[in-house]
1. Show me the strands (runs of 3 or more DSSP E) found entirely inside region 329-391 where at least 3 residues are on the phi < 0 side of the Ramachandran plot and among the aliphatic types (A, V, I, L, M).
2. Kindly establish whether VAL326 is closer than 19 Å to GLU46 by Cα, buried (at least 21 other Cβ atoms within 10 Å of the Cβ) and not small (Gly, Ala, Ser).
3. Among the residues in region 415-425, are any in contact (Cβ under 8 Å) with a residue 60 or more places away in the chain and either of a type in the set (A, V, I, L, M, F, W, C) or assigned to a loop (DSSP other than H, G, I, E, B) (or both)?
4. Which strands (runs of 3 or more DSSP E) sit wholly inside region 581-667 and have at least 1 residues that are among the acidic types (Asp, Glu)?
5. Look at SER416 and say whether it is surrounded by 19 or more Cβ atoms within 10 Å (Cβ to Cβ) and at pLDDT below 95.
6. Across region 355-374, what is the total count of residues that are closer than 29 Å to GLY470 by Cα, buried (at least 19 other Cβ atoms within 10 Å of the Cβ) and in contact (Cβ under 8 Å) with a residue 60 or more places away in the chain?
7. Whether any residue in region 22-36 is surrounded by fewer than 19 Cβ atoms within 10 Å (Cβ to Cβ), among the aliphatic types (A, V, I, L, M) and touching a helix residue (DSSP H, G or I) at 6+ places or on another chain (Cβ under 9 Å) is what I want to check.
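The values are calculated or read from the model by the stated rules, or taken from the named source; none is laboratory data. As the structure is a prediction and not an experimental result, all values here were calculated from the model. Please note: Cβ atoms are built from the backbone with ideal geometry, for glycine as well, and neighbour counts cover all protein chains shown.
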Amino acid sequence: MKKYFLFVIYVFAFSLVVQASEPAIWSVNTRTEVLKGDAKGVSIDENGTITLAPRLNELFNTGQSYIWSSAADAAGNVYLGTGSDGKIFRVDASGKGTLFYDSSELNVSALALGSRGELYAGTSPDGKVYRIDASGAASVFFDPKEKYIWSLAVLNDGSLAVGTGENGRIYKVSSANAAPESSLLFDTSETHIISMAVDRKGNLYAGTDANGLVLRFAPDGKPFALLDSPLREIHDLTIGADGSVYALALGEAVSTTKPAEAAASPTPDGGGTVSIEKSNPMQPEQPAKSRYDLTGAKSAVYRILPDGGSNVLWNSATIAGFSINVNQSGNGVLLGTSDKGRIYNITDDGRETLVLQSNENQISTMTAAGRNLYATSSNQGKLFRFGAETVAEGSYESAVLDAKAVASWGRIWWRSTGGVQLQTRSGNTEKPNETWSDWSAAYTEAKNAQISSPNAKYLQWRAILRSSSGISNLGEVNVSFLARNIAPEILSIQILPTNVGLAANPPVQIDPNIETSGLDPQIFGIPSIAIAPRRLYQRGATSLQWTAEDRNGDKLKYAVYYRETGDASFKLLRDDLTENFYTIDGQSLADGRYIFRITVNDSLSNPVNQTLSGERTSEPVNIDNTAPVVSAVGNAQISGDRARVVFEATDAASYLSNAEYSIDGGEWQTVYSEDGISDGQKERYTIDTVLRNQGEYSITLRVFDANGNAGNARILVKR
């Protein structure tokens, strides 16, 4: 029985926190993640199982940058239309390739074989259609006066369908040098006719740009739209044995307007570096999308059924498909992509298998001749043949693990059948290069192999599969490691305004059984994010709040120290804090200028001999608990119903900030110092006011310093 395994990268034991004192497990265990690695001679099925791949044989290198079109005849010859020199090559069944025709245009963008073995070639730009006989002699067969000849198809009556751009016209050409006007089959409202195909009944199918239509033309020439894709371009069409039409649609980002532009716009391959992070079950997962949801899709594969219905078999937001061909099994299609030059199998029920990966940038066309399947690549333009024969040996290289710090490697273990061996290598650059260690000797003990690669920040493993031991496949691979402890840091210290205190909000209640289980509380829906303290008025308070970071994810403990600017050493104010804030009773410190130091250590997560610490000092802070001294200067000056009084205010520890006065306990009114700004340690204030009635008045001045301390004085005035 064939064994299947899942492939994903996760932190073992339900999102285990990666801490310096605790080993972490890197487990490759989902198909999505295993596709980020490099498959060299191996296939990856829909369940993530790695097996040996079909053999991919390079038959011929054109020496050209791009192969835009291909066709195969009954004798096993494959014709290749290239760019950007506009050459056509013929490769015979033995793999011998020769230059067949050298056109005067830049690109041979379409090829089709006639009923008598003649080859039709469409060129771009300034497109023409050439007819080339078996000897390579060519003549202009049709000149539609169009810029692009994108597609060609031979109809059942022997005539040639020609798809063009930039006017989106389809011509039906029955004889050489036919006039474009008399050969026009249909003038669409589209810009380009990118792809065409003919079924056994003689129906012509055309894929368009820029509205992503699939049109069907009956033998009488009447058009009918079968599909209107939300993606821009129908790049390729192929006909299934049951009459189904398979269509490859491309989104705006990879749509073809000129052949050279398609290969000049490579798409992300999804590979890179894997980091072991603490997962967050409270973070909502991205909802799984239906394959019918093409929002953000770069490419999609449709199946249009004989009854006219259509299904989306596959789509991807990261992979750009460039060619499709009916699978010889009769179930779905093969898809050639720019994703590491890969070929995927897409079944009619939407299952996706990575068949093989080439060493090229792009699989630009695919065609079949008998039992042989041919694929062409672009940049460089090469021809390959593949089929049922599998390779004797293949390898898979994982994505690179980023341990976040130099790590000690533990053991590697995996599940497999047949001849499978693993190797590892390590280094301190994100991408493997000449500075990395060599691949280790092969690990053969699947359950208990000690990793021999040097300690480093990054690690990669490679699996080697061989057919000599029967059917070989590889399942889950696990790596244990212990990252070097990194000292925590205090990133910043914030001093809140005087009189603002901080108080902890009630903590989230956690079941004691969870706390003692060692499991992450987030698994049970308990958030791990610290709740910010609430602010409240507290007379004389000086509050400190800080941010800290630990690259290992350790639990942290803090201490607060202080010294007056003239002191030689810091004194401990509070230790064993687990919260990142502290409120000081300002009245417990004498007036003066102070500096605070916050220290942090990771002792809660590490043994004593591995505990590391960090610290940061604050900017100087003024502690001022003494109110300003306010006094009246002389006596009030009375003139009619007006009174003038003068006050003087001083502050020993800070500067004065504002003042206000009140008459007979009434509303407070702002008064400015005589120099216009209250900003010194000594200021004079003059109050001019109207006393409307005879009698005695009480005038009070209240003055505040920068720390919110207030002093006042009163003077009695008689009118």
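1. Qualifying strands (runs of 3 or more DSSP E): 333-337, 352-357, 362-369.
2. No; evaluated as a whole, the condition is false for this residue.
3. no
4. Correct list: 581-585, 613-617, 642-650, 656-663.
5. yes
6. Within region 355-374, residues that are closer than 29 Å to GLY470 by Cα, buried (at least 19 other Cβ atoms within 10 Å of the Cβ) and in contact (Cβ under 8 Å) with a residue 60 or more places away in the chain number 5.
7. yes
Residue-by-condition table, conditions (1) loosely packed, with under 15 Cβ neighbours inside 10 Å; (2) outside the structural domain of VAL198 (by TED's automatic domain parsing); (3) of a type in the set (A, V, I, L, M, F, W, C):
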residue	(1), (2), (3)
LEU80	no, no, yes
GLY86	no, no, no
SER94	yes, no, no
GLY122	no, no, no
ALA137	yes, no, yes
VAL140	yes, no, yes
